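Nothing in this text is a laboratory measurement; each read-out follows from the coordinates by a stated rule. Keep in mind the model is a prediction, meaning the values are calculated, not measured. All Cβ positions, glycine included, derive from the backbone under ideal geometry; neighbour counts span all protein chains shown.
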Amino acid sequence: MAERDNASLIELRRGVLVLAVLSRLRTPQYGYSLRQAMAEGGMPIEEGTLYPLLRRLEAQGLLASEWNIENAPPRRYYRLNEEGERTLANLTDAWHDQVRVMDRLLERSSQ
Amino acid sequence: MNANDVIESYVCDVARCLPRGKRNDVAFELRALLGDELAAKAQAAGRGPDRAMAMALLKGFGRPAEVAGRYHQRPALIDPADTHHFLIWTLAGAVSIAVLSAMSPADGRDSGDLFLKWLGALVIVFAIIGWWRRRYPGAVGWRPKHGRERMPRRYAVLALIGTLVFPVFMYAAPQTFVRVVFLSALPTSGLELTQAFGKSGLRTAAMTILILLAAMYAATVVQGGERSWTRWAGVALHGGLGLLLGAHGGLAGRGLVFVSPQANQVAAPVFGLVGAFVLLCAFYDIYREWARISPAPALDDRRN
């Protein structure tokens, strides 16, 4: 039972992962610092999930990245680009709508 | 091997699973990220990074091929949605090859080799289908094929006529059949049956089954469609007929069916192959019965 609940929770979190990551990239972050920021914000993400996700978002044209090799060790910093900002705004609106809908549904189901 | 060597080895294994153009870039970043993770782990443990620590970190990260799949997802060779049909076709091939080998074993066919070729051909066909769907999404949509009834009355009428004209008439009087069909243009002397075969129990049994098959189609026509008993009767009759035709092949191989030795020589493998085909049809019907879907009556039926 607990395992099934856990799987459902993972599925639920997966749906908002992109929005959560985009929301933390208004300022440039490298992989590990972003993971820390997400964990501190209450949404820990496995490293094996987060790092490839950053690459996929960059490939989708939502993020820009650059290497910082001035300080050792070299790190790749990601940040939102213009398209990413627009997508974040759209997803944020969609998220608020979704929360309202879900609240209504859950309210009815508890009555 | 120290912690850095372990990570280096892991990064190389991940990069090898990626397209060539992405390898160096991903490897460089992955190495830096894993270095950060390892340093954080070492700091939390209050000691320097070691091999065990690196192995624990990488275990959580996943198999190199899985990690590479997250960086660059390649399409499955066989679309997971096609797995069911792939397995069905694989099994159908295996059963067909086994039946063919059992019914006509004399031609020295290597069944194992044939099955591997079948499997290879299936992989190629399914891979091409998957590629086609990805390349042209929506090009081939689903279309309704048929209703619930597999053999409506009009098909049963055709099957009845076909059965009476072809196997029943041909089997009962092969010489007359050829004379009528080919308007006496072909010689029929080679089709004369031996006296022993003409009076044999094998011939009587085959004739009986053919007549029962025709009767089954007639019953389907009268009933206006198939019923459970006609479907199972069809399975039993086709199975029996397939085995009997296989036995005919054995007799013809020993020159005991036709008077003419050449006719026996030609007929022996044909009997075997036709018997195998009919037997496979029976297996297919069994599969269809096993896989038969019987949902609740459709809305139209419930209204009537």
Spin-label model distance (nm) - residue B:134 vs residue B:184, 7 Å beyond Cα toward Cβ: 6.6 nm
Choice from B:269, B:49, B:80 showing the highest fluctuation, given a GNM over chain B with Cα pairs closer than 10 Å: B:49
Sparse-neighbour loop sites [GluC sites (Glu not before Pro); segment A:35-84; at most 16 other C-beta within 10 Å; DSSP]: A:46, A:70
Segment B:6-74 - Kirkwood radius from inverse mean 1/r over Cα pairs (Å): 12.3 Å
Neighbourhood net charge (12 Å Cβ-Cβ; Lys/Arg +1, Asp/Glu -1) for residue B:56: +1
Farthest toward positive dipole pole in the protein assembly as shown [+1 Lys/Arg, -1 Asp/Glu at C-beta], among A:25, A:74, A:60: A:60
Mean-position separation - Cα centroids, segment B:156-196 and segment B:252-293, in angstrom: 17 Å
Positive-end residue of B:180, B:81, B:138, charge dipole of segment B:49-201 with Cβ unit charges: B:138
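From the C-alpha gyration tensor of segment B:156-304, pull out the three semi-axes of the equivalent ellipsoid (sqrt of 5λ each), sorted largest to smallest, in whole Å. Numbers along the way, then the final one.
Numbers: eigenvalues 252, 61, 28 Å².
Equivalent ellipsoid semi-axes, largest first: 35, 18, 12 Å.
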Rounded FRET efficiency, nearest 0.05, which uses the C-beta distance separating residue A:43 from residue B:287 and R0 of 41 Å: 0.25
Rh (Kirkwood; distinct C-alpha pairs) - segment B:180-264, Å: 14.9 Å
q = 0.11, 0.19 Å⁻¹: log10 I(q)/I(0) that the Debye formula gives for segment B:1-158, counting C-alpha atoms only: -0.75, -1.12
Two-site FRET efficiency, residue B:73 against residue A:8, from Cβ-Cβ distance with R₀ of 22 Å, rounded to 0.05: 0.40
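Using only the C-alpha atoms of chain A, find the volume of their convex hull and express it per residue in Å³.
Residue-normalised Cα hull volume stands at 121 Å³.
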Share of Cα-Cα pairs in the protein assembly as shown lying beyond 28 Å, as whole percent: 70 percent
Descending semi-axes in Å of segment A:53-111, equivalent ellipsoid built from Cα gyration tensor: 38, 13, 8
Cα coordinate range in segment B:31-106, projected on the principal axes (Å, largest first): 74, 24, 17
Reachable lysines from residue B:41, criterion Cα separation under 30 angstrom, eight or more residues apart if same chain: B:22, B:59
Residue-averaged [θ]222 nm for chain B, counting only DSSP H segments that reach four residues, each worth -39500 (n - 2.57): -23500 deg cm²/dmol
Rg and Dmax of chain B, Cα atoms only, in Å: 31.6, 102
